[in-house]
1. Report the local net charge at residue 180: Lys and Arg +1, Asp and Glu -1, summed over other residues whose C-beta lies under 14 Å from its C-beta.
2. In nm, give the distance between the simple-model label positions of residue 133 and residue 176, each being 7 Å from the Cα along the Cα-to-Cβ direction.
3. Post the alpha-carbon centroid distance, the range 126-190 to the range 69-112, in whole angstrom.
4. A 24 angstrom limit on the alpha carbon distance is what I want to check against. Which of 153/185; 87/130; 62/87; 85/131; 60/131 exceed it?
5. At residue 198 and residue 61, where each label point lies 7 Å from the Cα along Cα→Cβ, what is the point-to-point distance in nanometres?
6. With 10 angstrom as the radius, rank 60, 87 by how many other C-beta atoms surround their C-beta, starting from the fewest.
7. May I ask you to compute the full-extension gain from residue 162 to residue 72, defined as 0.36 nm times their residue separation minus their alpha-carbon distance, rounded to one decimal in nm?
8. For 157, 165, what ranking results if the residue with the fewest other Cβ atoms within 10 Å of its Cβ goes first?
Amino acid sequence: MARYREAVCRLCRREGVELYLKGDRCFTDKCAIKRRGYPPGQHGQRRPKHSDYGVQLREKQKAKRIYGLLERQFRNYFEKADRMKGKTGENLLILLERRLDSVTYKLGFAPTRRESRQIVRHGHFLVNGKKVNIPSFLVRSGDVLELREKSRKIPNVNESLDAVVRKGIPSWLELERDSFRGKIKTLPSRADIQEPIQEQLIVELYSK
């Protein structure tokens with residue numbers, strides 16, 4: 001599967017906001033936005049001029065990069081959201097939040113979505129007792145996620161879980177730290193999604 005393999009700090013600088021793609025590093029003085037708060041490249045320090053299309057495009061790119069998706073994957077989610085009942089933009093964000101790699105990240109099994117995607121691909125998780133290694137798997141209300149027994153001694157996983165216990169998790173999720181288990185209490189609503197995304201701009205972009 002194709003994926004972005006370059007320096008992720010460039011993505012934050014390009015979008016002009018912290019996307020928290022490198023976990024705890026993003027909260028330190030080493031954060032690229034704090035050190036060089038302008039887009040990468042030789043013309044990065046010029047004053048940008050954004051048209052309406054440019055603003056919409058940047059919002060779509062930001063959403064793609066937060067969730068670690070390529071263009072075709074993101075477009076497929078939009079088309080699926082457009083066929084669902086309700087507001088297309090809200091449906092899109094809810095679909096993205098329901099991805100298995102996103103849920104395991106929110107539960108604290110990994111410090112970033114990128115690492116969460118990796119441990120899912122390596123088959124470390126069970127969903128309702130069955131092994132699932134597809135990051136794009138969409139969870140449902142009532143699903144139970146569990147880290148496999150042989151994977152519970154991974155240092156990074158334990159450090160990340162301890163950190164999320166201190167910070168807290170979204171209200172639509174439930175975490176049993178001692179048993180390495182998480183539950184989907186209900187599907188997320190728009191109010192539960194705290195990512196800095198203006199979904200209406202994405203809808204306007206794709207509606208052209």
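1. On the way: positive: 148, 150, 152, 153, 177, 181, 183; negative: 146, 149, 159, 162, 174, 176, 178.
Every neighbour counted, the sum reads 0.
2. Label at residue 133, label at residue 176, 2.6 nm between them.
3. Taking the Cα centre of each part, the range 126-190 and the range 69-112 sit 17 Å apart.
4. Values: 153/185 26 Å; 87/130 33 Å; 62/87 20 Å; 85/131 31 Å; 60/131 32 Å.
Check vs 24 Å cut-off fails for 153/185; 87/130; 85/131; 60/131.
5. It is 1.6 nm.
6. On the way: 60 21, 87 15.
With the fewest neighbours first, 60, 87 line up as 87, 60.
7. Working: separation 90, 0.36 × 90 = 32.40 nm, distance 3.54 nm.
My answer for the length gained is 28.9 nm.
8. Working: 157 21, 165 12.
Listed from fewest to most nearby Cβ atoms, that is 165, 157.
Throughout, read-outs are computed from the coordinates displayed, never taken from laboratory work. Remember, predicted model here, so these are calculated numbers, not experimental data. Cβ: placed from backbone, ideal geometry, glycine included. Neighbour counts: every protein chain shown.
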